[in-house]
1. Give the number of residues within segment B:170-189 that are closer than 19 Å to residue B:89 by Cβ, within 7 Å of chain A (Cβ to nearest Cβ) and either without any contact (Cβ under 8 Å) to a residue 12 or more places away in the chain or surrounded by fewer than 24 Cβ atoms within 10 Å (Cβ to Cβ) (or both).
2. Filter segment A:128-168 for residues that are touching a residue at least 40 places away in the same chain (Cβ under 8 Å) and outside any helix (DSSP H, G or I); which is surrounded by the most Cβ atoms within 10 Å (Cβ to Cβ)?
3. The conditions are (1) assigned to a loop (DSSP other than H, G, I, E, B); (2) in contact with a Leu (Cβ under 8 Å, 6 or more places away or on another chain); (3) crowded, with 16+ Cβ neighbours inside 10 Å, and residue A:93 fails exactly one of them. Which is it?
4. Being part of a helix (DSSP H, G or I) and without any contact (Cβ under 8 Å) to a residue 40 or more places away in the chain narrows it down to one of A:72, A:125, so name that one.
5. With the requirement that a residue be more than 10 Å from chain A (Cβ to nearest Cβ), more than 13 Å from the chain's Cα centre (by Cα) and under 16 Å from residue B:173 (Cα atoms), what does segment B:81-140 give you?
6. Checking residue A:32 against (1) of a type outside the set (Asp, Glu); (2) away from DNA strand D (no atom under 16 Å from the Cβ); (3) at pLDDT 95 or above, which single condition isn't satisfied?
7. Can you find a residue that is within 11 Å of DNA strand D (Cβ to nearest atom), assigned to a helix (DSSP H, G or I), of a type in the set (A, V, I, L, M, F, W, C) and modelled with pLDDT of 95 or more anywhere in segment A:18-28?
8. Considering only residues of segment A:27-57 that are within 6 Å of DNA strand C (Cβ to nearest atom) and surrounded by fewer than 16 Cβ atoms within 10 Å (Cβ to Cβ), which is farthest from the other protein chains (Cβ to nearest Cβ)?
Protein chains: 2
Amino acid sequence: MTIAHARGRPRGFDLDDALDAALELFWREGFRATSTRDLEATLGVNQSSLYHAFGSKAELLAAALDRYERRIDAALVEPLEGSPLGLEAIEDFFSNLHRWITHDGKRGCLVINLMAEDGGADTAITRRTRRYRRRVRSALHTALDRAARSGEIAPTALDERSELLFGMVLGLNIAVRGGASRAEIGGIMTGVQQQIGAWRLPQPATE
Amino acid sequence: MTIAHARGRPRGFDLDDALDAALELFWREGFRATSTRDLEATLGVNQSSLYHAFGSKAELLAAALDRYERRIDAALVEPLEGSPLGLEAIEDFFSNLHRWITHDGKRGCLVINLMAEDGGADTAITRRTRRYRRRVRSALHTALDRAARSGEIAPTALDERSELLFGMVLGLNIAVRGGASRAEIGGIMTGVQQQIGAWRLPQPATE
DNA sequence: CCACTTCTGAAGCGATCACTTCAGAACAGG
DNA sequence: CCTGTTCTGAAGTGATCGCTTCAGAAGTGG
């Protein structure tokens, strides 16, 4: 959606590259901890140009967040939501989540990091994190529904179980961001996977 | 442990009162978001006096944290650890936790808030939050052990289950701090309690 | 009362924050 | 080349940060 300019000096940097670099900073260092000077240095773009292009630090975050949500949706949420599988889709989701939030360092999930940062003030960011929470919880519920319909798990307490799983998504994130060791994270992850497996009913032999 | 002074002008404020007020601010607003000017205004104590008494903002936090840990230990961890009960002690723990982190507003647990704030840097605070994590996880494990020994639950996957529970402690906190609605928190809490109940084995009729 | 010590209040320190200003650079169309 | 437009670089805005300075207030023991 980058339109070629018609008149005036052409922009000296690529908008998408800048957004990706800004996303990386906000994600790894946090929104508040990333100063406009940090952005200037890492992106190699003068503050003046950044403000000219994006308006404010918050709008830059919003634009970076658009890109982030598209990616995490493709990598984690859509596979969970669109899978034909039940419990296995959820187990895969948590495996993917594990990789996603620990990929290089203690970066966690940007949306959940933001949720933890702003302390629940009523900002545009808060509204987006709320929407994201609903989306993830709903995808988990959908997968549990599939598992129940196929007889993989008992068709009871689906609401409670999806809430439990969603709570674990949040818990894993804060454990990662809070500096828990790899072993600690692994332990929690094992606890989740074990619990998901424990929901599985004994299956009648197929075939 | 407040020693009466021997010479010089007596302090014009009460150390314990000041620590309690500072604790309240750090807890509700966050450590970083609480400025020394906020402390001055809320405590009614000049910055100069605060620095004279405590040394630095970080040391003031450390002193407030001492008080906080004593209280949360008495209110939540000791009852869990010292109870003769198994699952019921854990259920009570989560009920108490719910009250503790939502008591007035979205305050969460100070230790977990700090864990989320400093991003895992290796500070004195990080070391204390690590110690606290170990303590809570161990108390949960102890309670599960009691439940297993009394035949209340199967004596399997105790490590995984305690990790799961601990992850939920973290998840509930971030949900509260992140501005989740009362209904959302209640949903997650119900998910946890339901899961704990689901671990209970059918009991032989006693009597 | 005096010398000594400790604590207080106001003012101010340098650093850093998000953001702005403005002269001039770099292009287009005429 | 000239005019009009957009973008860039360096400098600087006021606000706020954690923390310090220092004169003087408020006590003590002699």
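The values are calculated or read from the model by the stated rules, or taken from the named source; none is laboratory data. Note that the coordinates shown come from a computational prediction; the quantities given were computed from them, not determined experimentally. Cβ atoms come from the backbone with ideal geometry, glycine included; neighbour counts cover every protein chain shown.
1. 0
2. By that ranking, first place goes to A:153.
3. Unmet condition: (1).
4. Of the residues listed, the single one that is part of a helix (DSSP H, G or I) and without any contact (Cβ under 8 Å) to a residue 40 or more places away in the chain is A:72.
5. B:95, B:104 - these are the residues of segment B:81-140 that are more than 10 Å from chain A (Cβ to nearest Cβ), more than 13 Å from the chain's Cα centre (by Cα) and under 16 Å from residue B:173 (Cα atoms).
6. (2)
7. Within segment A:18-28, the subset within 11 Å of DNA strand D (Cβ to nearest atom) is A:18.
Pick out the ones that are also assigned to a helix (DSSP H, G or I) and you get A:18.
Keeping just the survivors that are of a type in the set (A, V, I, L, M, F, W, C) gives A:18.
Pick out the ones that are also modelled with pLDDT of 95 or more and you get A:18.
Yes, segment A:18-28 contains a residue that is within 11 Å of DNA strand D (Cβ to nearest atom), assigned to a helix (DSSP H, G or I), of a type in the set (A, V, I, L, M, F, W, C) and modelled with pLDDT of 95 or more.
8. It comes out as A:48.
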